Amino acid sequence: MGEIIFHVFLLAVMGLFFNETLDINTARMTDPIGPAGFPQAVIILAVLLLVPSLYKAVKKYKESSQEEKNSKIKELDPGFIALLGTIVLFALTIGYVGFWFGAVVIISLVMFILNERKPKKLILTTVIASLAFTFVFGNILSIPLPRGIGIFESLSYLIY
């Protein structure tokens with residue numbers, strides 16, 4: 001059932017995205033496709049791939065036994081909910097604490113949720129991975145990363 005819900009959710013998101021592409025300004029377009037053509041083509045392709053996949057998921061769900069239908073949904077596992085909550089927390093706070101500090105928090109929380117309990121390994125992996133992501137995206141790829149507010153912004157200038 002979770003797979004069907006996910007497919008329906010993705011179809012709804014694709015519909016919202018397609019609706020947003022209709023608002024792209026095409027007043028100064030120079031090519032026949034226009035600036036909205038590529039996003040619309042990708043969304044249409046995604047929908048064309050989602051529909052048969054949804055059909056297969058519904059067919060699989062109908063063929064499953066009653067015992068499987070009544071069993072606990074794997075997607076509602078507390079660890080999975082905790083991971084989703086961590087990702088949402090990261091997305092909501094990255095503007096305030098900056099990328100590096102947000103990466104430290106999300107990596108350490110995800111490792112803890114996935115049962116990594118050795119403090120030395122947890123700290124080393126968190127710091128090294130956060131610095132690596134920050135260096136690769138901020139310096140090598142020159143992607144402007146959020147710096148945060150206040151002291152987080154000041155400290156982020158020391159890091160990247």
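The values are calculated or read from the model by the stated rules, or taken from the named source; none is laboratory data. Note that the structure is predicted; figures quoted are calculated from it, not measured. Here the Cβ positions follow ideal geometry from the backbone for every residue, glycine too, while neighbour counts run over all protein chains shown. Surface accessibility is based on the protein's heavy atoms, side chains included, excluding ligands, DNA and RNA. Shrake-Rupley method; radii C 1.70, N 1.55, O 1.52, S 1.80 Å.
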Notebook entry, point to check: What are the residues in the stretch 139-154 that are touching a residue at least 24 places away in the same chain (Cβ under 8 Å) and either farther than 13 Å from residue 103 by Cα or more than 23 Å from the chain's Cα centre (by Cα) (or both), if any?
Noted result: 149, 152, 153
Margin query: So the check is Cβ under 7 Å with 6+ separation or different chains; which pairs have a first residue in the stretch 47-63 that's in contact (Cβ under 8 Å) with a residue 60 or more places away in the chain and a second one that's open to solvent by 100 Å² or more (accessible area, probe 1.4 Å) and not aromatic (Phe, Trp, Tyr)?
Written below: 61/1
Notebook entry, point to check: Among the helices (runs of 4 or more DSSP H) confined wholly to the stretch 59-145, which include 2 or more residues that are of a type in the set (Gly, Ala, Ser) and either closer than 30 Å to residue 7 by Cα or at pLDDT below 90 (or both)?
Noted result: 78-113
Note to self: Among the residues of the stretch 14-58, what is the count of those that are modelled with pLDDT of 80 or more, among the hydrophobic types (A, V, I, L, M, F, W, C) and open to solvent by 40 Å² or more (accessible area, probe 1.4 Å)?
What the structure shows: 15
